Amino acid sequence: MDAHRQPIARDFWSRLTAEQQNLLRRVGSTRNFDSGQTIIHGAEPGTWAAVLTSGRVRVVGHGADRTRVIAHRHTGDIIGELAVIGSAVRLATVSAITRVGALCLTGAQLGSLTREHPQILLALLGVVAERVAESDQHRIEIDTEPKVKVARALLGAARRDGVLVKGDWEIYIASQSDFASIIGASRATLQRVLLDLRAAGVLSTRRGVVVIRDVGRLRERARLS
């Protein structure tokens, strides 16, 4: 890996040892999905989960009267795990943003692995706990001042899957509409805040990418010590 490109790995796969990763490879089966293809259908029974081996996906939650994008997942993340370990029914629809490769495990396979290898279960629970905390934080900040909310969301995205490139943090964002939906803001609000942050020299943007050039000042905007 390029010395200037240092991801902060917090996904499921990176929490496993090489031996544990090999266990999953031996048990699971590989599948590929085309861009735009639905991988998981919401409200259907959940009988399998998958670790993304390449690509990115969009997770759409279904409420009583509307649907909205609630997350993006990428290489190393696990999807479909909640239905397998608890709810039995899919709580969201997952579709491929790019071409996706996945290592799929049935509920029985995942259950056997987590019983025989508790550290795999701990890694899985760690991911679930982190996602719940992230979702709770977005709900708590629903009425937070937009510029503060966006700044905190950008810092969170950099912490989870940002890539350090020559001193700047790069964050992949498939679309501003998706990012706004995930953090509970409107696209227009997000655009206004990004424009202000660009003008202040805190960040720059290009298609699909936000580059944080001054983390300290972004933390000030987020009102973080």
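The values are calculated or read from the model by the stated rules, or taken from the named source; none is laboratory data. Note that the structure is predicted; figures quoted are calculated from it, not measured. Neighbour counts are summed over all protein chains in view; Cβ atoms, including those assigned to glycine, are modelled from backbone coordinates with ideal geometry.
So which residues in segment 39-63 are exposed (fewer than 13 other Cβ atoms within 10 Å of the Cβ) and in a strand (DSSP E or B)? Of everything in segment 39-63, just one residue is exposed (fewer than 13 other Cβ atoms within 10 Å of the Cβ) and in a strand (DSSP E or B), namely 45. Residue 76 meets each of the listed conditions (1) in a helix (DSSP H, G or I); (2) within 20 Å of residue 52 (Cα to Cα); (3) not assigned by TED's automatic domain parsing to the domain that holds residue 197 apart from (1). No other residue among 154, 103 is in a strand (DSSP E or B) and among the aliphatic types (A, V, I, L, M) apart from 103. If you go through segment 6-38 and keep only what is surrounded by 19 or more Cβ atoms within 10 Å (Cβ to Cβ) and closer than 13 Å to residue 101 by Cα, you end up with 28, 33. Test residue 98 against the stated conditions and say whether it is in a loop (DSSP other than H, G, I, E, B), over 21 Å from residue 155 (Cα atoms), within 19 Å of the chain's Cα centre (by Cα) and in contact (Cβ under 8 Å) with a residue 40 or more places away in the chain. Yes, satisfied.
Looking only at residues in segment 161-202 that are assigned to a loop (DSSP other than H, G, I, E, B) and either surrounded by 16 or more Cβ atoms within 10 Å (Cβ to Cβ) or outside the structural domain of residue 216 (by TED's automatic domain parsing) (or both), the one that is modelled with the lowest pLDDT is 174. Inside segment 12-38, can you point out the residues that are assigned to a helix (DSSP H, G or I) and not acidic (Asp, Glu)? Listed by number, the residues that qualify are 13, 14, 15, 18, 20, 21, 22, 23, 24, 25, 26, 27. Filtering segment 8-50 to residues that are charged (D, E, K, R) and without any contact (Cβ under 8 Å) to a residue 24 or more places away in the chain leaves 19, 26. If you filter segment 64-108 down to residues that are crowded, with 17+ Cβ neighbours inside 10 Å and among the acidic types (Asp, Glu), you find that the one that is farthest from residue 175 (Cα to Cα) is 81. Taken over segment 204-225, the criterion of being over 21 Å from the mean Cα position of the chain (by Cα) and part of a strand (DSSP E or B) is satisfied by 204 alone.
Checking segment 136-151 against the condition returns no match, with no residue being in a loop (DSSP other than H, G, I, E, B), farther than 26 Å from residue 80 by Cβ and touching a residue at least 60 places away in the same chain (Cβ under 8 Å). Among residues that are modelled with pLDDT under 90, of a type outside the set (Lys, Arg), in the same structural domain as residue 27 (by TED's automatic domain parsing) and under 19 Å from residue 40 (Cβ atoms), residue 84 is included. Evaluating residue 115 against the criteria (1) in the same structural domain as residue 71 (by TED's automatic domain parsing); (2) without any contact (Cβ under 8 Å) to a residue 24 or more places away in the chain; (3) within 30 Å of residue 224 (Cβ to Cβ) leaves one unmet condition, (3).
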